[in-house]
Amino acid sequence: MATRTIWKGAISFGLVHIPVGLHTATTDSGVDFDWLDKRTMDPVGYKRINKRTGKEIDRDNIVKGVEYADGEYVIISPDEIADAYPRTTQTIEIQRFVEAAEVSFVYLERPYYIEPINRGHRVYALLRDTLAKAGKIGIAKVVIQTKQHLAALIPSGDALVLNLMRWGEEVKSMKGLDLPSSKARNMAPSATELKMAKMLVEDMSGPWDPDDFQDEFRQTIMDLVEKKARAGKTKTVIEPQEEAPAYGDNVIDLTELLQRSLKGGKKGGQGARKAGAKSAGRAAPRKRAARKTAGKAAKASGNARKAA
């Protein structure tokens, strides 16, 4: 089932650009309980409440602050927040290629399918097959909706998957956990224990099929919803309409530069990035208003998420 493109840009490494679009690779399958007014069946929203007084306050009276010390906050203005947003480049810029086995799964957060566009299929296939045969993945940076992400570019069958990652400081250290050391002799299993454990694992082994595993709570609730709906026990709720966001499609197609990238090496890549940075610097005054507008939109979105 095809999904709409949520982002358009290009994969960039060396001097090569592969025009691509991103598609969501997952969907929420949990049960979404909405709040309704039982008297009128109107949707129930969320209020902004002053935690000390308990009174509702207007949006205009809300500022954003970062706790610097216990009870001490530094206030950051909307303009300062807008200026801090990363420059939108519409580029998945690969920083490094690493062994796939080196990246722990705890860093992976949210996957997206990458689809080649604008005749970028051949170079897309070249990058995908090269990574698969080398057993490597690309570590990249990408800006999506004004937020910069670390991401892993992973070959998966016919596709390249962009998996957004957690930053290093977001992953807790295992230090302090009472874990059995793999080198501790007193923890080493006996030959008999290993044999029996291996037999049990083999007995429970089988092919991976995601359809074999279901969310039992969701299924129970949805069965109940179906049963009540068939019995006519439904209520009509009018939801407010939302406009679909617009996405840019300005893509640079430079697919014939592999040889030049190899000749230029790291120097060529750094030169291209420096040139891009200078160009961005000259364009900054023209983009400041756009970033401020994006910052205000992100602020509203962030408030909504916090309220939720």
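The values are calculated or read from the model by the stated rules, or taken from the named source; none is laboratory data. Because the structure is a prediction, the values reported are computed rather than measured. A quick note on method: Cβ atoms are made from the backbone with ideal geometry, for glycine too, and the neighbour counts reach across all protein chains shown. Each accessible area value is taken on the protein alone, full model and side chains, heavy atoms only, with ligands, DNA and RNA left out. Shrake-Rupley method; radii C 1.70, N 1.55, O 1.52, S 1.80 Å.
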Being modelled with pLDDT under 80, assigned to a loop (DSSP other than H, G, I, E, B) and of a type in the set (A, V, I, L, M) is the filter; apply it to segment 1-48 and report the residue that is surrounded by the most Cβ atoms within 10 Å (Cβ to Cβ). L15
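Assess whether A152 counts as being surrounded by 10 or more Cβ atoms within 10 Å (Cβ to Cβ), under 30 Å from T130 (Cα atoms) and either at pLDDT below 90 or not charged (D, E, K, R) (or both).
On the way: surrounded by 10 or more Cβ atoms within 10 Å (Cβ to Cβ): yes; under 30 Å from T130 (Cα atoms): yes; either at pLDDT below 90 or not charged (D, E, K, R) (or both): yes.
When the stated conditions are applied, A152 passes them.
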Any residue at all in segment 169-176 that is touching a helix residue (DSSP H, G or I) at 6+ places or on another chain (Cβ under 9 Å), surrounded by 10 or more Cβ atoms within 10 Å (Cβ to Cβ) and modelled with pLDDT of 85 or more? yes
Qualifying position, being open to solvent by 80 Å² or more (accessible area, probe 1.4 Å) and more than 30 Å from T130 (Cα to Cα), among K51, K64: K51
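Which one of these is farther than 16 Å from I18 by Cβ and open to solvent by 70 Å² or more (accessible area, probe 1.4 Å): A100, A84?
Details: A100 fails: open to solvent by 70 Å² or more (accessible area, probe 1.4 Å).
Result of the check over A100, A84: A84.
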Answer yes or no as to whether T130 is loosely packed, with under 15 Cβ neighbours inside 10 Å and under 16 Å from S12 (Cα atoms). yes
For a quick check of your reading of the model, give me the residue pairs whose first member lies in segment 180-192 and is free of Cβ contacts under 8 Å to residues at least 24 places away in the same chain, whose second is aliphatic (A, V, I, L, M) and part of a helix (DSSP H, G or I), with beta-carbon atoms closer than 8 Å and at least 6 apart or on different chains. P180/M187; S181/M187; P189/A197
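Hey, can you tell me all the residues within segment 213-255 that are in a loop (DSSP other than H, G, I, E, B) and modelled with pLDDT of 80 or more? Working first, answer last.
Going through segment 213-255, the residues in a loop (DSSP other than H, G, I, E, B) turn out to be 213-215, 231-253, 255.
Residues satisfying the conditions are A231, G232.
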